[in-house]
Every structure is written in C-alpha cells, then in structure tokens.
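For reference, the structure is listed below as structure tokens.
Derivation of every value follows stated rules applied to the coordinates shown; laboratory data play no part. Everything numeric here is computed off the predicted structure, so don't read it as measured data. Methodologically, a virtual Cβ is constructed for each residue, glycine included, from the backbone with ideal geometry; neighbour enumeration extends over all protein chains shown.
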Ligand SMILES: Cc1cc2nc3c(=O)[nH]c(=O)nc-3n(C[C@H](O)[C@H](O)[C@H](O)COP(=O)(O)OP(=O)(O)OC[C@H]3O[C@@H](n4cnc5c(N)ncnc54)[C@H](O)[C@@H]3O)c2cc1C
Ligand code: FES
Ligand code: FES
C-alpha cells in the first residue's frame, strides 16, 4: 500500500518527461504543476470544478486539475498545454481567433484535443457535451466552435 | 490548495483498506474514504470538511470492474460516471449519469462517491433504487450484500469503517421501459430543481426523485399511491402525504415553484405511462 504522510518526493510523468517534485498530500495537481514545476498553462479559475480553466489530460482523458491531489497523479501520464506542439486544434484556434483574453484557452484546447483524439468525427451533440465543461468569460463560443470544426478538417476527421 | 495537513493512503485490497481505517481510528485519527475526490477536495478547500487521513480506494481492483455475473450485472463503485455511461446494458443508468455535472468532471466522479456523498442530489442513485440493486458493503468483518432500498434512508447507512465496493442489478431490468425527467433552472450543467426517474414493470409504476427534498428518495408508499386507480388530478393533489421530506427551498427556487413544476411533470409521467 502506497502512503504519503508528509512532504515526500513524488515522481510524475508529465508531457512525456519524468519529473521529481516534493509534495505534501494536501497539494492539488494544479498547484504542483504551476507552483513547483513551472507549468503555468493550466489556470486557476474557480478551483471548484466548475470552469475548466485548469483542464489537463490524465491518460488521455480531460480532468480538472484543481480537484485532483498531486499524489493521485502518480503512475498516470499527465499532459498539459505545454506538452502540445502545433496540433490541429492549436492551429485552428489561432486561425479562427478563438480567444480574446486567453485565460480559458489552455483548458479549452486540452479538452478539444482529447475529444478529437477520442472521437475525430465528433458531431454537434458530442462537441456540445464535451465542451460544456469549459467556461469562457469573454464568451467567444462561436469562434471556439469554428475552431473545432476547422481542427476536424485539418486532422482529416471530416 | 487545502489549508490543513493530512495523510494519504492508497490500499491495493479491500482488507488493506479496512485495516488501515481501523488502525487510524485506533490511533485517534479521523480517516475518510476517498474515490473521485471531487466532493472531498472541494469541501476540504472550503473548510467544510476535516479529516486526518484519506484512504484512496481507486487501486482496489474489485471496485474498478463491470462484469456480468450469473445473478446480475455488477458495477464496481469506482467506475466513473463516464465509464458507467459507456455501458449500454441499462439505458436508464446511462441517461441518468450523463446528466450529472459536466463531461470532464464525469471522468472523475465515481458511482460510489456520488451515491455516498453528502450533497443533497446524488442522482446516480435513482436507477439503482428503481432496480432494487444489491449494494456490496465491505467492513472489518467482511463483505455483506443488502438491498439498496433497505440500506438507503436519506443516505446510504454505513457503519464506521465500512465502504461500498459495488452494486448489482438483475439482468431482467435491461429491457424495462423508463421515463426520465430532469429540470434545471437555466444552464443544463447545474444541480437539478428536481430529477424524476421512473420505470414500469409487472409490479406497476415506480419513481425515484432527487432534488425535491434534502435527499434523494424512493418511497414504496408513494409508488402504491401512484398505482392506485384514481384520476391523475387526485393522485397529484394527495401526493405530498407520501413524499418523505419537506420540499426544498433555496437560492435556486422557492418550494412553491419546485412543487408546481414537480406536479406538472409528475402529471406528464402519469399520462405517458397511461398511453404506454
Ligand atoms: C462541477 C460539479 C458539478 C456537479 N454536478 C452534480 C449534479 O448535477 N448532480 C449530482 O448528483 N452531483 C453533481 N456533482 C457531484 C457531487 O457534487 C460530488 O462531487 C460527487 O458525487 C462525489 O463523487 P466522488 O467520486 O468524487 O466522491 P468523493 O469526493 O471521493 O467522496 C464523496 C463522499 O463519499 C464517500 N465515499 C466515496 N467513495 C465511497 C465508497 N466507495 N464507499 C463509501 N463512501 C465513499 C467519501 O468518504 C465522501 O464522504 C457535481 C460535482 C462537481 C464538481
Ligand atoms: S479552476 Fe478547476 S475547474 Fe475552475
Ligand atoms: S477568452 Fe477570455 S475567458 Fe475565454
């Protein structure tokens, strides 16, 4: 049985790299990514599971890193926005200007990226179901929708 | 960030989990079981929940499986809501869990955590109440199986150190017809004003409700009342005698509004079953 009682070294696999970090059991994954590993792409918004700004991938699935403990991430593959390079959804976001202030963008991109990997030809209802997990305070939803459609085309899904 | 310190344990078996709970308890600590963590972390961060240790159940294999047994289909308590939604055997379970939270959060919320949680809604419970599922409970003295309708009274009644390892539903319910109505105030991603799930089998119409009172419920008296041969109007006029709690009044809706909407939708359900 694995246990953590105090500050301990944790080995995490993030963006394909092994990262060692000293954590306490009460550290959230979001906190460790941002404050201890310098991966500031995932953003703190509500820290309550509502807004999706902190979305990262765990074994390819989108999760909200504000309500996951860092110790829970042990043994799983974590991908943050820093781990994506020139993916179809990133290109589509730029081409469609799918951001204004950009605060929600990493969370949206991680969620869209996971969706397109899982269901490349996602239809309107599926896109709506997945992306309803993220909130954009600048309300740029139309452009985000266009970006998803474009990414599907770029990736050859449609 | 959670503002207090605690220990974290990740047992690999049911026995390790109950043993570590007993040991921590003996040491005078307050341990808490933990699965998806969405409620525990949120409440702890807000200072609404305190504990000295978390016992993470996610490594217990028995709790992560979905399988067909001779006497029914077993859902491990650690299945996330999205995993449960992928299982197509019971369309009502699929439909109910897909309305909870949002798609990303459903990658973490577990069946066990939702059903054993402290918040009033616990919507995943509704189909299991209607199907009179067996709930498997582990404790220091081993595993017991109970009817969920016996084990649930405002909350799943667990003794100190006990936790849920899974649920079993009879295959005969697979084709049972159902109706499911969930009303929210504005956004689809919100806790419900109320959620009524209903099935009809050879015993008649059965309903289970979340959001109307401070806890979800299925009441045999209510089922009996709904199945009496009275006119829908009369059934609805007398329905509150059989609802086991006061109607919720909060910043989302007044009790009067909830009641009016509930009555309208109950009528719809009765009409639809009448036509079926
Ligand atoms: C943004 C958001 C939206 C939500 N919307 C809804 C909604 O619309 N409807 C709804 O019903 N819920 C909703 N929820 C979910 C709900 O509020 C809880 O967060 C969730 O159900 C808890 O599940 P969990 O697996 O994360 O449990 P945890 O947080 O791990 O645990 C919750 C409680 O259950 C206990 N527990 C966990 N597993 C077990 C087990 N196997 N046996 C015994 N006890 C156990 C824990 O000790 C704890 O007390 C929402 C949550 C979020 C974050
Ligand atoms: S910061 Fe995590 S969901 Fe809002
Ligand atoms: S672009 Fe500003 S919050 Fe979405």
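A few comments on the model shown:
- Largest GNM mean-square fluctuation among A:88, A:25, A:44, using chain A with Cα springs under 10 Å: A:25.
- Förster radius 35 Å - calculated FRET efficiency between residue A:138 and residue B:49 (Cβ-Cβ, nearest 0.05): 0.55
- Average partner coverage of A:63-73, which counts Cβ from other chains inside 10 Å: 5
- Sequence ranges B:4-14, B:131-141, A:55-65, ranked by mean other-Cβ count within 10 angstrom, highest first: A:55-65, B:131-141, B:4-14
- With neighbours defined as other Cβ atoms within 10 Å of a residue's Cβ, the residues B:73, A:144 order from fewest to most as B:73, A:144.
- In a fully extended conformation the segment linking residue A:117 and residue A:35 would gain 26.6 nm over its present Cα-Cα distance, using 0.36 nm per residue.
- The Kirkwood radius of the range A:60-153, taken over pairs of alpha-carbon atoms, gives through the Stokes-Einstein law at 20 °C and 1.002 mPa s a diffusion coefficient of 156 µm² s⁻¹.
- Based on C-alpha pairs under 8 angstrom that are at least 6 apart in sequence, the range B:137-276 has a relative contact order of 17 percent.
- Across the range B:150-276, the convex hull enclosing all Cα atoms gives 148 Å³ per residue.
- Structure remark: mean-square fluctuation, Gaussian network model of chain A, C-alpha springs under 10 Å; the largest value among A:11, A:135, A:109 belongs to A:11.
- Here the contact order of the range A:1-64, divided by its residue count and restricted to Cα pairs under 8 Å and six or more residues apart, works out to 18 percent.
- The fewest-to-most ranking of A:138, A:104, B:213 by surrounding Cβ atoms within 10 Å reads A:138, B:213, A:104.
- Order of A:126, B:110 - criterion: other Cβ atoms within 10 Å of each residue's Cβ, fewest first: A:126, B:110
- Once both labels are positioned 7 Å from their Cα atoms along Cα-to-Cβ, the gap between residue B:252 and residue B:228 label points is 3.1 nm.
- Rounded to the nearest 500, the helix-only mean residue ellipticity at 222 nm of the protein assembly as shown stands at -8500 deg cm²/dmol, with each DSSP H run of n ≥ 4 adding -39,500 (n - 2.57).
- Within the listed set B:86, B:263, B:231, the residue fluctuating most in the Gaussian network model of chain B (springs between alpha-carbon atoms under 10 angstrom) is B:231.
- Peptide B:122-131 is shielded by partner chain Cβ atoms: per residue, an average of 0 of them sit within 10 Å of its Cβ.
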